[in-house]
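Engineer: Below is one structure. I have some questions about it.
Quick note: the coordinates plus some simple rules give every number you see, no bench work behind them. Everything numeric here is computed off the predicted structure, so don't read it as measured data. Ideal geometry is used to build each Cβ from the backbone, glycine not excepted, and the neighbour counts take in all protein chains shown.
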Amino acid sequence: MSFLEVFQYTRQESLVHNLDPRSKMMLAFTLAAISLLFLNIVPLMIILMAMIPLLASAKSLRRWARSMKGMSYLLLFIIIFNTLLSTVSNPFSHSIALAIRLLALMTSFSIFFLTVHPDQLAQALIQMRVRFEFAFAMSMAMRYVPTLGQEAYAIMDAQKARGVELDKGNVLKRIRNIVPIIVPLIIVSIRRALSVAESMESRGFGASENRTYMELLKFRKRDWAVLFASLLLLVTSIYVRLFVPLPAWMLLQLPF
């Protein structure tokens, strides 16, 4: 469950952390959209490598690397599954491209989640005229993902203490070993959801429609710069994808 760390906010003092959540949201959606525009190994690798400096500037490169390492089994499953069942002319290259695209998508959103506090996310959505209930739900979900990962680790340790061998066997056996983790995790999640619902009800959640906030987010010059740069990058990428033929070296595929 280490791949869940890409959704856990880390308090740092960096240029990316100090940006407004709305500008980072636009940047994340732009990077994700660009990743979906291409399905060739070389362009996707260029897109993925372009995100690394952003993670480094956010001082979150090591946490991202651990999360991507935790996704290795999922990526391997995607490559094997698509290679065996794909009907394209070069299934292995296609599967590698899909795996890189997934990495790029995860990386684009990890830049956002690693640098935005859940309270800032809720406040940003509210100032974007999103209903408070939805903004609160998004904030709670963002807080809950790291907790879910910690509970999964606790369940794994408990199952190992009972003699369940989670780290042995082939890929299929390891996938089957997820069942003793998923079932208790679902039960714990339901119990926690009921506890949160009771706590919200006891505090009068939703009793008043007019709410006040201690702090309001403000757009600065650097946030406008990130916003316009993201829009320009998105429009340029769409134009290149639709009207500009890619050079031959960017369309190279693996020879097998």
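Engineer: Is there a pair in Lys69/Lys221; Lys59/Lys218; Lys69/Lys218 whose C-alpha atoms are over 30 Å apart, and which pairs would that be? Walk me through the numbers before you get to the answer.
Structural biologist: Numbers: Lys69/Lys221 36 Å; Lys59/Lys218 24 Å; Lys69/Lys218 36 Å.
Violating the 30 Å limit, Cα to Cα: Lys69/Lys221; Lys69/Lys218.
Engineer: Next question, about the same structure. Between Leu76 and Ile52, what is the FRET efficiency for a Förster distance of 25 Å, r being their Cβ-Cβ separation, to the nearest 0.05? Walk me through the numbers on the way to the answer.
Structural biologist: Working: r = 22 Å, r/R0 = 0.88.
E(calc), rounded to 0.05, equals 0.70.
Engineer: Which values of log₁₀ I(q)/I(0), to two decimal places, follow from the Debye formula for the chain at q = 0.08, 0.13, 0.15, 0.16 Å⁻¹ with a uniform point scatterer at every Cα?
Structural biologist: -0.42, -1.03, -1.23, -1.30
Engineer: Still on this structure, I have one more. May I ask you to compute the full-extension gain from Ala32 to Asn90, defined as 0.36 nm times their residue separation minus their alpha-carbon distance, rounded to one decimal in nm? Don't skip to the answer; put the middle values down first.
Structural biologist: Working: separation 58, 0.36 × 58 = 20.88 nm, distance 2.48 nm.
Working it through step by step, the gained length comes to 18.4 nm.
Engineer: Within the chain, which DSSP H helices have Cα atoms that stretch 15 Å or more along the helix axis and a mean Kyte-Doolittle hydropathy of at least 1.6? Could you put the intermediate results ahead of the total?
Structural biologist: Numbers: long enough: 21-37 (24 Å, 1.14); 41-57 (25 Å, 2.51); 72-85 (20 Å, 2.27); 91-113 (33 Å, 1.48); 132-161 (43 Å, 0.30); 179-202 (35 Å, 1.25); 221-243 (32 Å, 1.23).
Membrane-span-like by this criterion, though nothing is claimed about a membrane: 41-57, 72-85.
Engineer: Whole angstrom only: what separates the Cα centroid of the range 87-137 from the Cα centroid of the range 1-56?
Structural biologist: Answer, in whole Å: 8.
Engineer: OK, next. Which whole-number percent gives the relative contact order of the range 1-122, counting Cα pairs below 8 Å spaced six or more residues apart? Don't skip to the answer; put the middle values down first.
Structural biologist: On the way: 136 pairs, mean separation 59.2, N = 122.
This gives 48 percent for the range 1-122.
Engineer: Using 0.36 nm per residue, how much length does the chain from Ala229 to Leu251 gain when fully extended, once their Cα-Cα distance is taken away?
Structural biologist: Net length gain for the segment: 5.3 nm.
Engineer: On the Cα set of the range 62-177, report Rg and Dmax in Å, please.
Structural biologist: According to the Cα coordinates of the range 62-177, Rg and Dmax are 18.6, 52 Å.
Engineer: I need the semi-axes of the equivalent ellipsoid of the range 1-150: take the C-alpha gyration tensor, multiply each eigenvalue by 5, square-root it, list largest first in whole angstrom. Working shown, then result.
Structural biologist: Values: eigenvalues 171, 52, 49 Å².
Computed over the range 1-150, the values are 29, 16, 16 Å.
Engineer: Calculate the FRET efficiency for Ile187 and Arg129 from the Cβ-Cβ distance with a Förster distance of 35 Å, rounded to the nearest 0.05.
Structural biologist: Working: r = 37 Å, r/R0 = 1.07.
That gives a FRET efficiency of 0.40.
Engineer: Given the DSSP H assignment, sum -39500 (n - 2.57) over each helix run of at least 4 residues in the chain and divide by its residue total; what's the result at 222 nm in deg cm²/dmol, nearest 500?
Structural biologist: On the way: 10 runs with 174 residues, N = 256.
For the chain, the value works out to -23000 deg cm²/dmol.
Engineer: Where in the range 69-167 are there GluC sites (Glu not before Pro) that are in a DSSP coil and have at most 12 other Cβ atoms within 10 angstrom of their Cβ? Could you put the intermediate results ahead of the total?
Structural biologist: Working: sites: Glu133, Glu151, Glu165; in loops: Glu165.
Of the GluC sites (Glu not before Pro), the ones in loops of the range 69-167 whose Cβ has at most 12 other Cβ atoms within 10 Å are Glu165.
Engineer: So which trypsin sites (Lys or Arg not before Pro) in the range 207-239 end up in coil per DSSP with only 11 or fewer other C-beta atoms within 10 Å? Before the final figure, lay out each step's value.
Structural biologist: Numbers: sites: Arg211, Lys218, Arg220, Lys221, Arg222; in loops: Arg211, Lys218, Arg220.
Sparse-neighbourhood loop trypsin sites (Lys or Arg not before Pro): Arg211, Lys218.
Engineer: Arranged from highest to lowest average of other beta-carbon atoms within 10 Å per residue, in what order do the peptides 28-34, 107-113 appear?
Structural biologist: On the way: 28-34: 20.0, 107-113: 22.0.
Taking the mean over residues of other Cβ atoms within 10 Å, the ranking is 107-113, 28-34.
Engineer: With charges set only on the Cβ (+1 for Lys and Arg, -1 for Asp and Glu), what does the dipole of the chain come to about its Cα centre, in debye to the nearest 20? Before the final figure, lay out the partial values.
Structural biologist: Numbers: 27 positive and 14 negative charges, 61 e Å.
That gives the chain a dipole magnitude of about 300 debye.
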